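The values are calculated or read from the model by the stated rules, or taken from the named source; none is laboratory data. Here the structure is a predicted model, which means the values were calculated and not measured. Don't worry about glycine lacking a Cβ; one is built from the backbone with ideal geometry, like all the others, and counts go over all protein chains shown. Surface areas here come from the heavy atoms of the whole protein model, side chains and all, with no ligands, DNA or RNA. Shrake-Rupley method; radii C 1.70, N 1.55, O 1.52, S 1.80 Å.
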Amino acid sequence: MMVSRNVIADVINRIPSGGFLVTAAHEDTRTGVMTSRVQICSEDPLILMISIPRGTPIEPLLRDSRCFGMCRLLDDDRLLQRRFNPPAQRGDDPYVAIPTSQLVTGAPIIHRCEYFMDCELVGHLAPDADCRIYLGLVKAVGTVKDPEKPLKYKVLEPDQETASGKKMSVH
């Protein structure tokens, strides 16, 4: 039985998604790429899964730095949407004049976001598709109340309780 493309698109559009910026830095190079596909895939330990387009300039930085940041963009922030979509070319620093911080891993975290996670890269998949999937062990998490002030965040330590009340154990 054939399913029409309209039905497939309707089902895909019902899966939760949003505007996220995945960030990475290595040595003196920083970049970011927008994605709409982010998911918590484990609470114990807290692991985040991101899907980004294959062939973007962020991939070598993810490989070399072994970390990334995930920032939930504000829906009305056109500046960041223009700055990171399409992704910056190699050698360009898209963060110029945008307040950022480095928390635990060294990945840039932008202040102009709703919330963020700072992650250590713990795995990736390269399916025969238009994307790559990365898994990040969350090392720090926070929400942004005022982008003009320093970021406040919670560092997740081994044996710390997660949102489900379970102890977080890092191996």
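Let me confirm something: among Leu135, Leu103, Leu121, which residue is of a type in the set (A, V, I, L, M), within 22 Å of Arg66 (Cβ to Cβ) and open to solvent by 40 Å² or more (accessible area, probe 1.4 Å)? Explain how you work it out, then say what you get.
On the way: Leu103 fails: open to solvent by 40 Å² or more (accessible area, probe 1.4 Å); Leu121 fails: open to solvent by 40 Å² or more (accessible area, probe 1.4 Å).
Result: Leu135 is the single residue among Leu135, Leu103, Leu121 that is of a type in the set (A, V, I, L, M), within 22 Å of Arg66 (Cβ to Cβ) and open to solvent by 40 Å² or more (accessible area, probe 1.4 Å).
Determine, yes or no, whether Ala97 is without any contact (Cβ under 8 Å) to a residue 12 or more places away in the chain and either surrounded by fewer than 18 Cβ atoms within 10 Å (Cβ to Cβ) or assigned to a loop (DSSP other than H, G, I, E, B) (or both). Can you show your working first?
Details: without any contact (Cβ under 8 Å) to a residue 12 or more places away in the chain: yes; either surrounded by fewer than 18 Cβ atoms within 10 Å (Cβ to Cβ) or assigned to a loop (DSSP other than H, G, I, E, B) (or both): yes.
Yes; evaluated as a whole, the condition is true for this residue.
Quick one: would you say Ile58 is of a type in the set (A, V, I, L, M, F, W, C) and either open to solvent by 70 Å² or more (accessible area, probe 1.4 Å) or in contact with a helix residue (DSSP H, G or I) (Cβ under 7 Å, 6 or more places away or on another chain) (or both)?
On the way: of a type in the set (A, V, I, L, M, F, W, C): yes; either open to solvent by 70 Å² or more (accessible area, probe 1.4 Å) or in contact with a helix residue (DSSP H, G or I) (Cβ under 7 Å, 6 or more places away or on another chain) (or both): no.
Considered against the rule, which asks whether it is of a type in the set (A, V, I, L, M, F, W, C) and either open to solvent by 70 Å² or more (accessible area, probe 1.4 Å) or in contact with a helix residue (DSSP H, G or I) (Cβ under 7 Å, 6 or more places away or on another chain) (or both), Ile58 comes out as no.
For region 106-115, give me each residue that is part of a strand (DSSP E or B), in contact with a Lys or Arg (Cβ under 7 Å, 6 or more places away or on another chain) and open to solvent by less than 20 Å² (accessible area, probe 1.4 Å).
Let us first name the residues in region 106-115 that are part of a strand (DSSP E or B), namely 108-110, 115.
Filter once more, so that each one left must be in contact with a Lys or Arg (Cβ under 7 Å, 6 or more places away or on another chain): 108, 115.
Matches in region 106-115: Pro108 only.
List pairs: first in region 132-158 and closer than 15 Å to Pro99 by Cβ and free of Cβ contacts under 8 Å to residues at least 24 places away in the same chain, second of a type in the set (Phe, Trp, Tyr) and in a loop (DSSP other than H, G, I, E, B), Cβ under 7 Å, 6+ apart or cross-chain?
Sorted first by the residue in region 132-158, then by its partner, the list stays empty.
Can we say Ile52 is modelled with pLDDT of 90 or more, open to solvent by less than 60 Å² (accessible area, probe 1.4 Å) and under 24 Å from Ser42 (Cβ atoms)?
Answer is yes for this residue.
Only one of Arg63, Arg83, Arg90 is part of a helix (DSSP H, G or I) and surrounded by fewer than 16 Cβ atoms within 10 Å (Cβ to Cβ); which? Give the steps one after another, and end with the answer.
Working: Arg83 fails: surrounded by fewer than 16 Cβ atoms within 10 Å (Cβ to Cβ); Arg90 fails: part of a helix (DSSP H, G or I).
Sole residue among the options that is part of a helix (DSSP H, G or I) and surrounded by fewer than 16 Cβ atoms within 10 Å (Cβ to Cβ): Arg63.
Could you grab me the full set of residues in region 69-80 that are outside any helix (DSSP H, G or I) and either on the phi > 0 side of the Ramachandran plot or open to solvent by 60 Å² or more (accessible area, probe 1.4 Å) (or both)?
If we filter region 69-80 for residues that are outside any helix (DSSP H, G or I), which is where we start, we get 69-77.
Selection gives Leu74, Asp75, Asp76.
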